[in-house]
Amino acid sequence: MTTIFGVPMQALFGQLLLGLINGSFYAILSLGLAIIFGLLNIINFAHGALYMMGAFVAWMLLTYVGLGYWWALGLAPLVVGAFGIVLERVLIARLYKLDHLYGLLLTFGLALIIQGLFRNQYGVSGLPYAIPTELSGGQRLPFMFLPNYRAWVVVASLTVCIATWLVIEKTKLGAYLRAATENPTLVQAFGVNVPLFLTLTYGFGVALAGFAGVLAAPIYSVNPNMGADIIIVVFAVVVIGGMGSIIGSVITGFTLGLVEGLTKVFYPEASATVIFVIMVLVLLVKPAGLFGRTA
Amino acid sequence: MKTVTPAAATGALLTVRGLEGWYGESHVLHGIDIDVRTGEVITLLGRNGAGKTTTLRAIIGILGKRAGSIVYDGVETIRMASRNIARLGIGYVPEERGIFASLTVHENLMLPPRVKPGGMSVAEIHTLFPNLKERAGSQGTKLSGGEQQMLAIGRILRTGAKLILLDEPTEGLAPVIVQQIGRTIQQLKAQGYTIILVEQNFRFAQTLADRHFVIEQGRVVDMIPNAELDANIDKLHAYLGV
Ligand SMILES: Nc1ncnc2c1ncn2[C@@H]1O[C@H](COP(=O)(O)OP(=O)(O)OP(=O)(O)O)[C@@H](O)[C@H]1O
Ligand SMILES: [Mg+2]
């Protein structure tokens, strides 16, 4: 059997794929957080809960309405995004003039409430969600078996991240977003409805989380705690990439997923902590994050 | 005590009456009275910290707290959000220029939405400021100070705004650039734009303005028609402490 540094190739590629899958979720989730933080100055602790909500909306659509995976992929982000818009208008918008800490506390509280409600209703054992038939099965590659659904998750996540990045960097809408992130007062003084932008941006950012939730549903079971588990890691990713850096969050998300995968192969004991160790090192050396601008 | 014509009766494009303004708790404007007629260029003169920038910020609506009356084109704006004030046709060129680092020169130029018909085309703006065309793809803040000022003015000319608030457009710029900006302002005046110009250099202002309002500690203490500027030069020196 082929080995590399004494590790079977098969195990190596298997873990790299797992890392890439995790990285896909880190990337979409930290992208949403970065956009929201950049424009709204809100550290959105509810992000994990809204990701979980995306998975639950997919499950509910299937269970109560009979709409399958592909419908959910389109509808769940809309539902979560609309929910986010209501949250922003009713609660979060009141905090913009205050310190970051208040936004963090509010969204943390919201996360606990949302998770609590789902836990009450659905328990914590997790609900199954089947892989859509179009994506069942897999490919036999030289060194590993590649399940189609997992390949799809990576492609879908990359596509959404790149599309989001293109919209932000290359379109007029993105120019407004970048300008308002830099100097909202001046953009407003040009006649632009900045508050509306903030609302829609929050809605879009959490819709990304909802989308990630649907992608995750067939891989992890649909569980009220799924968001709480991942969000801590995602926050570490955002800190490493640099709060508010769009491209940084995507690159860091995928890279850290891979790093985590490699650690599982070469030093499994550290795989749960490696991201946090990197976070500490980055904070010591470059406090604004790898892609962050030092203010 | 100076008599002040009520807003409704002046026939001015912009009428500011008893304008007060605050930064948090600190009370900075203490009753500013200004009126500007259509097509006029007026200046706000005054020492550092007199309240000139704050007056412009109050007019465009980005000062946290303001009171009094600001009527533009018949509309009372004192309680309006700045985005709606801008949409009446007022363009703001801030003292710090406000060029966005995350936008290219072209994106900066295209950012402010059109608020009224009749704004300049991009081609016209490029004729006015050829440098902006050459550097269209550069990062906005990579431009020289003079070019950033041209960009800050140019992007407002696109919007169709008829009243332009210019805060120290020549500050820190080389004499040739100052002349170019002077010529631009003259050209704009000839095209019928109305301009409020904040300027430290009243010799420069003299070549452009119709009237000068002198601000001291948040109040208008004098108004000098341009024709009488030379006759009042000693008084003006005293006001400005030069
Ligand atoms: N952001 C702020 N917070 C608190 N006070 C401020 C702020 N900006 C200006 N001030 C104060 O308000 C007063 C008026 O300032 P303003 O900037 O309007 O002066 P100015 O006439 O434009 O001066 P300059 O010629 O230096 O630009 C000053 O006393 C200044 O210290
Ligand atoms: Mg000033």
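The values are calculated or read from the model by the stated rules, or taken from the named source; none is laboratory data. Just so it is clear, the model here is predicted, and its values are computed rather than measured. Cβ placement follows ideal geometry from the backbone for every residue including glycine, while neighbour counts extend to all protein chains displayed.
Structural remarks
- Counted residues, region A:269-295 - those being modelled with pLDDT under 90 and farther than 28 Å from residue A:181 by Cβ: 4
- Among residues of region B:146-163, those that are within 16 Å of ligand 2 (Cβ to nearest atom) and either of a type in the set (Gly, Ala, Ser) or within 11 Å of chain A (Cβ to nearest Cβ) (or both), counted: 1
- Tally, over region A:93-134, of residues that are outside any helix (DSSP H, G or I) and under 22 Å from the mean Cα position of the chain (by Cα): 8
- Index of the failed condition, residue B:13 passing every other in (1) touching a residue at least 60 places away in the same chain (Cβ under 8 Å); (2) within 16 Å of ligand 1 (Cβ to nearest atom): (2)
- Test result for residue B:166, in contact (Cβ under 8 Å) with a residue 12 or more places away in the chain, more than 10 Å from chain A (Cβ to nearest Cβ), under 30 Å from residue B:25 (Cβ atoms) and of a type outside the set (Val, Ile, Thr): yes
- Every residue from region A:144-176 that is surrounded by fewer than 16 Cβ atoms within 10 Å (Cβ to Cβ) and in a loop (DSSP other than H, G, I, E, B): A:171
- Among the residues making up region B:93-112, those that are of a type outside the set (Gly, Ala, Ser) and surrounded by fewer than 18 Cβ atoms within 10 Å (Cβ to Cβ) are B:95, B:96, B:104, B:110.
- With respect to the conditions (1) small (Gly, Ala, Ser); (2) more than 16 Å from ligand 2 (Cβ to nearest atom); (3) in a loop (DSSP other than H, G, I, E, B); (4) closer than 23 Å to residue A:188 by Cβ, residue B:98 lacks only one, and its number is (2).
Table: residues versus (1) under 24 Å from residue A:146 (Cα atoms); (2) touching a helix residue (DSSP H, G or I) at 6+ places or on another chain (Cβ under 6 Å).
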position: A:9; (1), (2): yes, no
position: A:16; (1), (2): yes, yes
position: A:24; (1), (2): yes, yes
position: A:30; (1), (2): no, yes
position: A:35; (1), (2): no, yes
position: A:44; (1), (2): no, yes
position: A:47; (1), (2): no, yes
position: A:59; (1), (2): no, no
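- Residue match in region B:79-91 (condition: small (Gly, Ala, Ser), free of Cβ contacts under 8 Å to residues at least 24 places away in the same chain and within 14 Å of chain A (Cβ to nearest Cβ)): yes
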